[in-house]
1. Please verify whether VAL106 is within 21 Å of TRP164 (Cβ to Cβ) and either surrounded by 24 or more Cβ atoms within 10 Å (Cβ to Cβ) or at pLDDT below 95 (or both), treating the condition exactly as stated.
2. For segment 129-153, give me each residue that is aliphatic (A, V, I, L, M) and either under 22 Å from SER82 (Cβ atoms) or surrounded by fewer than 19 Cβ atoms within 10 Å (Cβ to Cβ) (or both).
3. For residues in segment 35-73 being at pLDDT below 85 and surrounded by fewer than 13 Cβ atoms within 10 Å (Cβ to Cβ), which is nearest to the chain's Cα centre (by Cα)?
4. Looking only at segment 100-117, how many residues end up being touching a residue at least 40 places away in the same chain (Cβ under 8 Å) and of a type in the set (A, V, I, L, M)?
5. Take the residues in segment 16-34 that are under 18 Å from the mean Cα position of the chain (by Cα) and assigned to a strand (DSSP E or B); name whichever of them is modelled with the lowest pLDDT.
6. Check whether at least one residue in segment 125-146 is out of contact with any Pro (no Cβ under 9 Å at 6 or more places or on another chain), without any contact (Cβ under 8 Å) to a residue 12 or more places away in the chain, at positive phi and not in a strand (DSSP E or B), and report yes or no.
7. Find the residue count for segment 147-178, including only residues that are over 30 Å from THR51 (Cα atoms), without any contact (Cβ under 8 Å) to a residue 60 or more places away in the chain and assigned to a helix (DSSP H, G or I).
8. Counting only residues that are of a type in the set (S, T, N, Q) and more than 20 Å from ILE136 (Cβ to Cβ), how many does segment 22-76 have?
Amino acid sequence: MQIKQKDMWVRETKLKGCYIIQLDRYNDERGSFMETYNKFFYKNHSELNVTYVQDNLSVSNMYVLRGLHFQTGEHAQAKLVSVVKGSVLDVVVDIRVGSPTYGEHVSVHLTESNRKQVFVPKGFAHGFISLEMGSIFTYKCDNYYNKESESGIIFNDKDLDIDWKIPSELIVVSEKDLELPTFRDIKNS
């Protein structure tokens, strides 16, 4: 017996161009099936209509924080992110100069069971923290990674005031990400 959950939707966050997508899932006695990307569906939502050229997957231990990252210039990337296994707190920051929500952020809890995706447009910084051991995070990118164009903002920036929901002494951050500039520094560069 097949049961379809009819709750697929797309909702724009307070950050213009940044969307949360709730996916349909089909369940039966064998398990479940979920379509994670359908070009036709995304084409019908104009701001989501991008051509992806690269898929990435990361596996993170508990409390590993990756971010806040972005690519600059012609190498800027839009991303479609989701969790295959585990749980993360996903954070998107508007860094578009002149935007009414410049410097604001949204946080979305992504899990393997809640079937949510986040569309991160170009002009946004992005990061996430793993809330479970072995969280598998995937993301589609509309532009190739370019080392010379990578940039970011330190995760604990005081001006952004992001609540990562985890005590700071438990958060695990790479040496590279600990050296990222502040929001004020990228704003003034």
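The values are calculated or read from the model by the stated rules, or taken from the named source; none is laboratory data. Keep in mind it's a predicted model, so treat the numbers as computed, not measured. As a convention, Cβ positions derive from the backbone with ideal geometry for all residues, glycine included, and neighbour counts pool all protein chains shown.
1. No, not satisfied.
2. ILE129, LEU131, MET133, ILE136
3. ASN49
4. Qualifying residue count for the region: 2.
5. The selected residue is GLN22.
6. Looking through segment 125-146, none of the residues is out of contact with any Pro (no Cβ under 9 Å at 6 or more places or on another chain), without any contact (Cβ under 8 Å) to a residue 12 or more places away in the chain, at positive phi and not in a strand (DSSP E or B).
7. So the count comes out to 4.
8. Qualifying residue count, segment 22-76: 8.
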